[in-house]
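**Student:** One structure, as C-alpha coordinates, below. Some questions next.
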Amino acid sequence: MPIIQLETTINAPIDICFDLSRSIDLHTISTAATKEIAIEGITKGLINYNESVTWQATHFGIRQKLTSKITAYNRPFHFCDEQVKGAFKKIKHDHYFAEKDGVVVMTDIFLFESPLGFLGGLFNKLILTAYLRKFLTERNQVIKQFAETEKWKELLDGSS
(Lines give C-alpha, C1' and ligand atoms only; values in the text may rest on other atoms or scores of the structure.)
Protein backbone atom coordinates (compact mmCIF):
# COMPACT_ATOMS: atom_id res chain seq x y z
CA MET A 1 0.00 0.00 0.00
CA PRO A 2 1.64 3.29 -1.07
CA ILE A 3 2.27 6.00 1.51
CA ILE A 4 2.97 9.62 0.64
CA GLN A 5 4.53 11.75 3.36
CA LEU A 6 4.92 15.50 2.89
CA GLU A 7 6.18 18.26 5.17
CA THR A 8 5.25 21.88 4.54
CA THR A 9 6.58 24.73 6.66
CA ILE A 10 4.22 27.64 7.13
CA ASN A 11 4.97 30.97 8.79
CA ALA A 12 1.57 31.42 10.44
CA PRO A 13 -0.24 30.49 13.68
CA ILE A 14 -1.00 26.79 14.11
CA ASP A 15 -4.77 27.31 14.52
CA ILE A 16 -5.01 29.10 11.16
CA CYS A 17 -3.06 26.32 9.41
CA PHE A 18 -5.24 23.66 11.03
CA ASP A 19 -8.50 25.38 10.12
CA LEU A 20 -7.45 26.11 6.53
CA SER A 21 -6.60 22.42 6.12
CA ARG A 22 -10.13 21.42 7.05
CA SER A 23 -11.83 24.22 5.11
CA ILE A 24 -14.17 22.91 2.42
CA ASP A 25 -13.96 26.28 0.67
CA LEU A 26 -10.14 26.27 0.55
CA HIS A 27 -10.15 22.67 -0.68
CA THR A 28 -12.39 23.74 -3.56
CA ILE A 29 -10.05 26.64 -4.40
CA SER A 30 -6.94 24.44 -4.22
CA THR A 31 -8.41 21.74 -6.48
CA ALA A 32 -9.84 23.97 -9.21
CA ALA A 33 -7.78 22.12 -11.84
CA THR A 34 -9.76 18.92 -11.20
CA LYS A 35 -13.05 20.83 -10.85
CA GLU A 36 -13.47 19.36 -7.36
CA ILE A 37 -16.66 20.46 -5.61
CA ALA A 38 -18.43 19.38 -2.44
CA ILE A 39 -21.86 18.00 -3.36
CA GLU A 40 -23.12 16.28 -0.17
CA GLY A 41 -22.55 16.42 3.57
CA ILE A 42 -20.56 19.43 4.75
CA THR A 43 -20.30 21.52 1.58
CA LYS A 44 -19.06 24.86 3.00
CA GLY A 45 -17.08 26.09 5.98
CA LEU A 46 -15.06 23.87 8.30
CA ILE A 47 -15.49 20.13 8.57
CA ASN A 48 -15.35 18.66 12.08
CA TYR A 49 -15.06 15.31 13.81
CA ASN A 50 -17.48 12.62 12.63
CA GLU A 51 -18.68 14.78 9.72
CA SER A 52 -18.42 13.76 6.09
CA VAL A 53 -18.23 15.35 2.67
CA THR A 54 -18.77 13.93 -0.81
CA TRP A 55 -16.50 15.39 -3.45
CA GLN A 56 -17.08 15.26 -7.17
CA ALA A 57 -13.98 15.69 -9.33
CA THR A 58 -12.49 14.83 -12.67
CA HIS A 59 -9.25 12.83 -12.58
CA PHE A 60 -7.69 11.26 -15.67
CA GLY A 61 -10.68 12.48 -17.67
CA ILE A 62 -13.13 10.52 -15.52
CA ARG A 63 -15.72 12.21 -13.32
CA GLN A 64 -15.92 10.47 -9.98
CA LYS A 65 -17.23 10.86 -6.45
CA LEU A 66 -15.46 10.23 -3.16
CA THR A 67 -16.97 10.47 0.31
CA SER A 68 -14.63 11.01 3.24
CA LYS A 69 -15.25 11.29 6.96
CA ILE A 70 -13.25 12.92 9.74
CA THR A 71 -12.36 9.95 11.95
CA ALA A 72 -9.89 11.59 14.37
CA TYR A 73 -9.73 15.17 15.61
CA ASN A 74 -7.44 16.92 18.09
CA ARG A 75 -7.44 20.65 17.30
CA PRO A 76 -4.97 22.15 16.41
CA PHE A 77 -2.54 19.22 16.25
CA HIS A 78 -4.11 16.44 14.20
CA PHE A 79 -7.08 15.27 12.20
CA CYS A 80 -7.66 12.31 9.94
CA ASP A 81 -10.01 11.87 7.02
CA GLU A 82 -10.80 8.47 5.56
CA GLN A 83 -12.66 7.40 2.46
CA VAL A 84 -15.98 5.75 3.27
CA LYS A 85 -17.12 5.50 -0.35
CA GLY A 86 -15.32 5.91 -3.66
CA ALA A 87 -13.11 4.41 -6.32
CA PHE A 88 -10.20 3.52 -4.04
CA LYS A 89 -10.03 0.39 -1.96
CA LYS A 90 -8.74 2.59 0.88
CA ILE A 91 -7.68 6.18 1.58
CA LYS A 92 -6.49 7.41 4.95
CA HIS A 93 -5.08 10.94 5.21
CA ASP A 94 -3.56 12.06 8.50
CA HIS A 95 -2.84 15.78 8.91
CA TYR A 96 -0.36 16.68 11.68
CA PHE A 97 0.58 20.19 12.85
CA ALA A 98 3.47 21.16 15.12
CA GLU A 99 4.82 24.56 16.00
CA LYS A 100 8.61 24.88 16.10
CA ASP A 101 10.34 28.23 16.65
CA GLY A 102 7.27 30.18 15.56
CA VAL A 103 6.85 28.19 12.34
CA VAL A 104 4.25 25.48 11.73
CA VAL A 105 5.35 22.17 10.28
CA MET A 106 2.36 20.59 8.56
CA THR A 107 2.86 16.89 7.90
CA ASP A 108 0.62 14.86 5.63
CA ILE A 109 0.65 11.08 5.75
CA PHE A 110 -1.49 9.83 2.89
CA LEU A 111 -2.11 6.07 2.60
CA PHE A 112 -4.02 4.70 -0.34
CA GLU A 113 -4.85 1.40 -1.94
CA SER A 114 -6.16 1.08 -5.46
CA PRO A 115 -8.61 -1.60 -6.53
CA LEU A 116 -7.75 -4.22 -9.17
CA GLY A 117 -4.96 -6.06 -7.35
CA PHE A 118 -1.79 -6.37 -9.45
CA LEU A 119 -3.00 -3.94 -12.13
CA GLY A 120 -3.90 -1.37 -9.48
CA GLY A 121 -0.45 -1.80 -7.91
CA LEU A 122 1.21 -1.30 -11.28
CA PHE A 123 -0.88 1.84 -11.91
CA ASN A 124 0.17 3.14 -8.46
CA LYS A 125 3.87 2.68 -9.28
CA LEU A 126 3.76 4.06 -12.80
CA ILE A 127 1.34 6.96 -12.46
CA LEU A 128 -0.88 7.39 -9.40
CA THR A 129 1.65 7.92 -6.59
CA ALA A 130 3.40 10.76 -8.44
CA TYR A 131 0.03 12.24 -9.47
CA LEU A 132 -1.27 12.24 -5.88
CA ARG A 133 2.02 13.61 -4.50
CA LYS A 134 1.79 16.54 -6.94
CA PHE A 135 -1.92 17.03 -6.11
CA LEU A 136 -1.21 17.18 -2.35
CA THR A 137 1.86 19.39 -2.78
CA GLU A 138 -0.11 21.91 -4.84
CA ARG A 139 -2.91 21.90 -2.28
CA ASN A 140 -0.42 22.51 0.54
CA GLN A 141 1.05 25.47 -1.34
CA VAL A 142 -2.41 27.05 -1.47
CA ILE A 143 -2.84 26.48 2.29
CA LYS A 144 0.58 28.08 2.83
CA GLN A 145 -0.28 31.04 0.58
CA PHE A 146 -3.55 31.74 2.41
CA ALA A 147 -2.05 31.22 5.89
CA GLU A 148 0.98 33.47 5.32
CA THR A 149 -1.06 36.38 3.95
CA GLU A 150 -4.31 38.07 4.90
CA LYS A 151 -6.17 35.77 2.46
CA TRP A 152 -7.06 33.37 5.31
CA LYS A 153 -9.53 36.00 6.57
CA GLU A 154 -11.62 35.44 3.41
CA LEU A 155 -12.35 31.89 4.59
CA LEU A 156 -12.08 31.83 8.38
CA ASP A 157 -14.36 33.99 10.47
CA GLY A 158 -12.67 33.23 13.78
CA SER A 159 -14.93 30.31 14.62
CA SER A 160 -13.58 26.81 15.08
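**Student:** Quickly run through segment 91-138 and pick out the residues that are outside any helix (DSSP H, G or I) and either more than 26 Å from CYS17 (Cβ to Cβ) or at pLDDT below 90 (or both).
**Tutor:** LYS100, ASP101, GLY102, GLU113, SER114, PRO115, LEU116
**Student:** Which of the residues that make up segment 44-82 are at pLDDT 95 or above and either polar (S, T, N, Q) or touching a Pro at 6+ places or on another chain (Cβ under 7 Å) (or both)?
**Tutor:** ASN48, ASN50, SER52, THR54, THR67, SER68, THR71, ASN74
**Student:** Just a yes or no: is a residue in segment 25-43 touching a residue at least 12 places away in the same chain (Cβ under 8 Å), over 13 Å from the mean Cα position of the chain (by Cα), surrounded by 15 or more Cβ atoms within 10 Å (Cβ to Cβ) and assigned to a loop (DSSP other than H, G, I, E, B)?
**Tutor:** yes
**Student:** Then there's this: Taking segment 84-126 on its own, how many of its residues are surrounded by 15 or more Cβ atoms within 10 Å (Cβ to Cβ), touching a residue at least 24 places away in the same chain (Cβ under 8 Å) and either of a type in the set (Phe, Trp, Tyr) or at positive phi (or both)?
**Tutor:** Going through segment 84-126 one residue at a time, the tally reaches 4.
The values are calculated or read from the model by the stated rules, or taken from the named source; none is laboratory data. All of these numbers come straight from a predicted model, not from anything done at the bench. Positions of Cβ are generated from backbone atoms using ideal geometry, with glycine treated the same way; all protein chains shown enter the neighbour counts.
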